[in-house]
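Worksheet: the structure to be examined is printed underneath.
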Number of protein chains: 2
Amino acid sequence: MAAAGAQEQAGAKSPDLVVMKFGGTSVAGAEEIKRAAGRIVAAREQGTSVVAVLSARGSTTDELVEMAREVAERPDPREMDMLLSTGERISCALCAMAIVELGHKAISLTGSQAGIVTDSSHTKARIIDVRADRIRDALGQDSIVLVAGFQGVSTDSRDVTTLGRGGSDTTAVALAAALGGEVCEIYTDVRGVYSADPRIVPEARKLPVVSYEEMLEMAASGAKVLQLRSVEYARNHGVQIHCRSSSEDGPGTLVVSEQETLERPLVTAVTHSTDEARVTLTGVRDEPGVAGRILRALADANVNVDMIIQNEPVSTDGGADLSFTIESNDLPAALDALKKIQVSDGVETDEHTGKVSIVGAGMRSHPGVAAKVFETLGGQGINIEMISTSPIKISCVIAADRVSDAVKALHQAFELGEGAIRKEEPAGDEHRPTVAG
Amino acid sequence: MAAAGAQEQAGAKSPDLVVMKFGGTSVAGAEEIKRAAGRIVAAREQGTSVVAVLSARGSTTDELVEMAREVAERPDPREMDMLLSTGERISCALCAMAIVELGHKAISLTGSQAGIVTDSSHTKARIIDVRADRIRDALGQDSIVLVAGFQGVSTDSRDVTTLGRGGSDTTAVALAAALGGEVCEIYTDVRGVYSADPRIVPEARKLPVVSYEEMLEMAASGAKVLQLRSVEYARNHGVQIHCRSSSEDGPGTLVVSEQETLERPLVTAVTHSTDEARVTLTGVRDEPGVAGRILRALADANVNVDMIIQNEPVSTDGGADLSFTIESNDLPAALDALKKIQVSDGVETDEHTGKVSIVGAGMRSHPGVAAKVFETLGGQGINIEMISTSPIKISCVIAADRVSDAVKALHQAFELGEGAIRKEEPAGDEHRPTVAG
């Protein structure tokens, strides 16, 4: 089996330690917490040291954000982090109690206590160091260690910081890297990474293995199963991620380096997103460096720009149009930032924009893929507004209400479904049948 | 007015700093938090530095305790503290946001960040040091400082600790002492300290001033308005407490040293409690030091014993009966501790016990007070099961279902109601009329 094969190929990391991460739905209530505790204890009883990273329970983070909005229109970011970091602490304390109840030693640590050191970029902080001495001490005393995900402490001001949505994945991968864990197990409410969102495409198949590069493109283009930054961190530190179900046994999806994937499908998955906003600046000033100023202003406001298109060449009379896409959530901050620099005649926004993407490491040597994407969408009467490509990805911005149709059509066109015959690289058109599972 | 008079007499503490504490009902929802933020900002705008200590919102702590019980029969105390400490952090972060929204600088600090250093007695920790450098720095930068009440950090293991129910009062007083604040303002859902619980005695009057000693006895005998330990701390460090309403203006009750009280009423207040449990050990072994062993076992289990009575003298044949009262919550821990030492034939418990007490600094020189208490209760047909006295307090253990009757009868017998003429000490029977207010 591909998953086991890849695991056996793993490097010289410690097989005596596993880092397990449980997401919000996996610790949502008392029953889920006890089930997670049971899984953790089962791993410990096989002789491995266990560090478990937990997210906030269910909708806790959303509730806290809502509370903040009730008391302040623009909640102070430092205080937002102080507020939001409580959710994961609650999960960890409860899970530690459940483990102690099962007769094992357990200790919960905040991000700060666990040595997760970050920069000071509140609500979107980056991990800059992991000082895991306290975790090592606790493991040495035969304790299971629960770590509050999503949070750290800033070097300069010793303030609580948070890593942004999905940040617990990054906490888990960072700890696996720092502690020399062979694999970081991410437990979630889905069985793994799929060839498309199964809610849209019921015949989507679970992928046994994907490469870091594919997973990065998938995360960047809408797959919500893993946070983008956690995949980057895993790739940079050679940590395997095993993304699997918290309620079922059996293997999930392994995220590994490309040489470990064995399979090289032409297209691996279709991903999508409907929370994109498009901003168009009309009549952008014809000055040197103006695009740089725009992107600098957005970066300073912590807005991630996805696609950028300059619609017309800069002319001497009126200036060009510049369009870009961002996350819908970032729209107010982006508009604020643009207002300050005043480099265009007007600003138009479209909040109802979607994006569909296909990702696959095999695309690199198959230039016909893009044409097939455009033909497929065209056949559905779907208008493509913007296009962006990488060697292993093609993304199209389309109307939000056509995203489902686009995902279904592309999934079928590239034959990604359960039981599909997958194409392999390298060397031309050799076919190797691989049954999914 | 007595309150203002007492305040003017205060010592050489800094008038430039006020510590304000807001209880759970005063930060229960968004509206309450904004109102507290408004009060804090109003104090700041008068030129004082402000440190505000906040409790967890409304029923948060109860909800967290309930969660813990769902995952573990006996929640681990260290993890319980990690869990419970989140409630106050949420309040503080939200209030800081609300203050920033009002245009002032504000920063929230956890107990640990605020330098509240405690022993390691989880769920009932004691403050052993206050290292308030970080608060001073923030005040020096013109910031309002919000401190999460009820919590600290243990010296030895750097773990989060909590101070027990009502511990936020102690946090506030300890910070006032460490920072040299003249007065610690405790904002609550009542207008001050009353001559009896107004829910039982509608004509109970608000006391303008009480002494530390009286307040200690009142807190120990059931008055819930201030935590016992906070009053001890205030007395030991010479911090005035001003207990007042968070929803209304006007003075509340000042808790000050006895020489500042001006009035010396014979009896100041009637207090009561219905969450007492009585434990009777029958046939206690006739060995030297056996009572000491019992109390040591209870102390080690962190059980506070209130009254103790040895019903019969130790005889050579059977041993004596020893009864004591504790908080109902502590009953399981007490029975566990007693099981381990095995010093009696049997253990009987009564969970439905109540206590009624009268407290007053003027009692010291009036031996007739006790007789009047017993006559009053006797006149109501209330059976007194146990009695304990101090120079300024008389407590009687009675059936829980007679507590209301006892409080009403004693309040009337000692004429403590609104508009009452209060007696003054020293020097015999001089009478000075004082209108309550």
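Every read-out reported here was derived from the displayed coordinates using simple, explicitly stated rules and does not represent laboratory data. Nothing here was measured: the structure is a model prediction, and the numbers come from that model. Here the Cβ positions follow ideal geometry from the backbone for every residue, glycine too, while neighbour counts run over all protein chains shown.
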Review point. Using 7 Å Cα-to-Cβ label points, what is the B:Gln342/A:Ala301 separation (nm, one decimal)?
Key: 7.5
Review point. Rounded to two decimals, what is Rg over Rh for segment A:73-201 when you use alpha-carbon atoms and the Kirkwood radius?
Key: 1.01
Exercise for review: Go ahead and collect, in residue order, the members of segment A:210-232 whose backbone nitrogen is under 12 Å from a label point 7 Å along the Cα-Cβ direction of A:Thr389.
Suggested key: none
Revision key, fill the gap. Length-normalised contact order of segment A:277-350, Cα under 8 Å, at least 6 apart, in percent, tallies to 52
Check your understanding: Using the per-residue mean of other Cβ atoms lying within 10 Å as a proxy for protection, in what order, highest first, do the peptides A:233-239, B:374-380 fall?
Key -> A:233-239, B:374-380
Practice item. Tell me the label-point distance for the pair A:Glu31, B:Arg285, using the 7 Å Cα-to-Cβ offset, in nm and rounded to one decimal. Key: 4.9
**Study point:** Relative contact order (%) - criterion: Cα under 8 Å, at least six apart; region: segment A:16-189
**Key:** 30
Exercise for review: Could you please report the charge total around A:Glu79, scoring K, R as +1 and D, E as -1 over all other residues with beta-carbon less than 12 angstrom from its beta-carbon?
Suggested key: 0
Check your understanding: What residues qualify as long-range amide H neighbours of B:Leu146, i.e. H under 5 Å apart, gap of 5 or more or another chain, H built at 1.01 Å from N?
Key -> B:Ala52, B:Ile107, B:Ser108, B:Leu109
Review point. Per the Kirkwood treatment, what hydrodynamic radius in Å, one decimal, follows for segment A:186-251 from the mean inverse distance over all distinct Cα pairs?
Key: 12.3
Review point. ³J(HN,Hα) across segment B:186-198 via Karplus (A = 6.51, B = -1.76, C = 1.60, θ = phi - 60°), whole Hz, x for Gly/Pro?
Key: 9, 8, 9, 8, 10, 7, x, 9, 10, 5, 6, 5, x
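Just to check, using Stokes-Einstein with a Kirkwood Rh over alpha carbon pairs, what's the diffusion coefficient of chain B at 4 °C and 1.567 mPa s in µm²/s?
The estimated diffusion coefficient comes to 56 µm²/s.
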Check your understanding: Would you list A:Leu266, A:Leu410 from fewest to most Cβ contacts within 10 Å?
Key -> A:Leu266, A:Leu410
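Ignoring everything except DSSP H segments at least 4 long, calculate the 222 nm mean residue ellipticity for chain B; use -39,500 (n - 2.57) per segment, divide by total residues, nearest 500.
-10000 deg cm²/dmol
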**Study point:** Under 28 Å from B:Lys339, Cα to Cα: lysines that are on another chain or at least 8 residues apart
**Key:** A:Lys105, B:Lys124, B:Lys355
Check your understanding: Over what distance in Å are the Cα centres of segment B:163-220 and segment B:241-312 separated?
Key -> 15
Check your understanding: Which of A:Ala42, A:Ala132, A:Val27 sits farthest toward the positive end of the charge dipole of chain A, with +1 on the Cβ of Lys and Arg and -1 on the Cβ of Asp and Glu?
Key -> A:Ala42
Review point. Given 10 Å bins starting at zero, what is the percent of C-alpha pairs of segment B:350-422 in each, up to the one with the largest pair distance?
Key: 19, 54, 25, 3
Exercise for review: Mind ranking B:219-225, A:210-216 by how tightly packed they are, going by the mean number of other C-beta atoms within 10 angstrom, highest first?
Suggested key: A:210-216, B:219-225
Practice item. Might you report the magnitude of the Cβ-based charge dipole of the protein assembly as shown about its Cα centre, with Lys and Arg at +1 and Asp and Glu at -1, to the nearest 20 debye? Key: 740
Practice item. List A:Glu415, B:Glu260 from most exposed to least, where exposure is judged by having the fewest other Cβ atoms within 10 Å. Key: A:Glu415, B:Glu260
Practice item. Calculate the mean, over all residues of peptide B:98-108, of how many other protein chain Cβ atoms lie within 10 angstrom of the residue's Cβ. Key: 4
Exercise for review: In vacuum, with every alpha carbon of segment A:277-350 counted as one equal point scatterer, what does the Debye formula give for log10 I(q)/I(0) at q = 0.11, 0.15, 0.18, 0.22 Å⁻¹? Two decimals, please.
Suggested key: -0.23, -0.43, -0.62, -0.94
Review point. Hey, fewest Cβ within 10 Å first, where do B:Lys408, B:Lys206, B:Lys105 land in order?
Key: B:Lys105, B:Lys408, B:Lys206
Exercise for review: Consider a paramagnetic label point 7 Å from the Cα of A:Phe374 along Cα→Cβ; state which residues of segment A:341-356 have an amide N under 20 Å from it.
Suggested key: A:354-356
Review point. Modelled label-to-label distance, B:Ser121 and A:His352, 7 Å Cα→beta-carbon offset: nm?
Key: 6.5
Check your understanding: In what sequence, highest mean first, do A:340-347, B:381-388, A:353-360 appear when ranked by Cβ atoms within 10 angstrom?
Key -> A:353-360, B:381-388, A:340-347
Check your understanding: When Cβ neighbours within 10 Å are restricted to other protein chains, what is their mean count per residue of peptide A:59-71?
Key -> 3
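At 37 °C and 0.692 mPa s, grab the translational diffusion coefficient of the protein assembly as shown from Stokes-Einstein with a Kirkwood Rh over Cα pairs, rounded to a whole number in µm² per second.
Value of D from the Cα-based Kirkwood radius: 106 µm²/s.
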Practice item. Quote the Stokes-Einstein diffusion coefficient, in whole µm² s⁻¹, for segment A:10-135, based on the Kirkwood radius over alpha carbon pairs, a temperature of 20 °C and a viscosity of 1.002 mPa s. Key: 134
Point to revise | Relative contact order of chain B, defined on C-alpha pairs under 8 angstrom at six or more residues apart (%) | key: 14
Review point. When you look at the Cβ of every residue in B:83-91, what mean number of other chain Cβ atoms sits within 10 Å?
Key: 5
